[in-house]
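*Asks:* Here's a structure for you.
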Amino acid sequence: MSECPHPSPPQGSVTDYVESFNGGLKKLTVDLVEQYPADATVKRVKNQVMLAMDLTPLCIIDAVGPYLFQYQEQIYAGDSAFFIASEYEDDLNASVNVEKEDAVRYLLPRVKAAYKAAGDPKKSAYMQTVQDLLDDFLEYAALKAPAP
């Protein structure tokens, strides 16, 4: 029996993957607010992300997914040290949205500190959530891709 040279087609719908992606991102966002309950900026960014997910759910996966994709090797390797060490300067310098760039620059140290302070089970859960986000994005992208 010969092996098929093509990966199997995605099993869900675009809606399934978008909802799963946004659900994972909501979980991470809410957890960050729980880590910084008195931080108004963290709450404001959470509210903006939640509103964007509610109003235009495709925008979030279309914006965040490609960033995850460019780091897929490190994500699937579970290389948290890479993410903690990186300052993401190239990504931030390429940003055309100054408000978004400022928010990311503000949030990055808080995300890293929350991760470092978490116990091993929580760190594993965070990494699994990010891997799931990437999986959802890849399936979503495969469904959106034009047929050959």
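*Asks:* Among the residues of region 126-148, write down those that are out of contact with any helix residue (DSSP H, G or I) (no Cβ under 8 Å at 6 or more places or on another chain) and loosely packed, with under 15 Cβ neighbours inside 10 Å.
*Replies:* 128, 142, 145, 146, 147, 148
*Asks:* While we're looking at this one, here's another question. I'd like the full set of residues that are part of a helix (DSSP H, G or I), within 26 Å of residue 141 (Cα to Cα) and of a type in the set (Gly, Ala, Ser), limited to region 29-88.
*Replies:* Passing the criteria: 52, 63, 65, 77, 80.
*Asks:* Still on this structure, I have one more. Is it the case, given these coordinates, that residue 87 is more than 24 Å from residue 18 (Cβ to Cβ) and loosely packed, with under 14 Cβ neighbours inside 10 Å?
*Replies:* yes
*Asks:* Same structure, new question: What's the number of the condition residue 128 fails, among (1) at pLDDT 90 or above; (2) closer than 17 Å to residue 19 by Cβ?
*Replies:* Single failed check for residue 128: (2).
*Asks:* Sticking with this one: Which one is modelled with the lowest pLDDT among residues in region 96-116 that are over 18 Å from residue 41 (Cα atoms) and surrounded by fewer than 15 Cβ atoms within 10 Å (Cβ to Cβ)?
*Replies:* Selected residue: 96.
*Asks:* Go through the residues of region 83-93 one by one and say whether even a single one is closer than 17 Å to residue 32 by Cα and modelled with pLDDT under 95.
*Replies:* There is at least one residue in region 83-93 that is closer than 17 Å to residue 32 by Cα and modelled with pLDDT under 95.
*Asks:* If you don't mind, there's one more thing I want to ask. Please enumerate the residues belonging to region 102-136 that are acidic (Asp, Glu) and over 18 Å from residue 25 (Cα atoms).
*Replies:* 102, 120
*Asks:* Another one. Which residues, counting only those in region 89-106, are in a helix (DSSP H, G or I) and touching a helix residue (DSSP H, G or I) at 6+ places or on another chain (Cβ under 8 Å)?
*Replies:* 91, 92, 101, 103, 104, 105, 106
*Asks:* Also, quick follow-up: Can you tell me which residue among 39, 90, 79 is over 18 Å from residue 129 (Cβ atoms), without any contact (Cβ under 8 Å) to a residue 12 or more places away in the chain and not aliphatic (A, V, I, L, M)?
*Replies:* 90
*Asks:* Sort out which residues of region 45-77 are surrounded by 13 or more Cβ atoms within 10 Å (Cβ to Cβ) and either of a type in the set (D, E, K, R) or on the phi > 0 side of the Ramachandran plot (or both), and write them in order of number.
*Replies:* 46, 62
The values are calculated or read from the model by the stated rules, or taken from the named source; none is laboratory data. Model, not experiment: these values are computed from the prediction. Cβ atoms come from the backbone with ideal geometry, glycine included; neighbour counts cover every protein chain shown.
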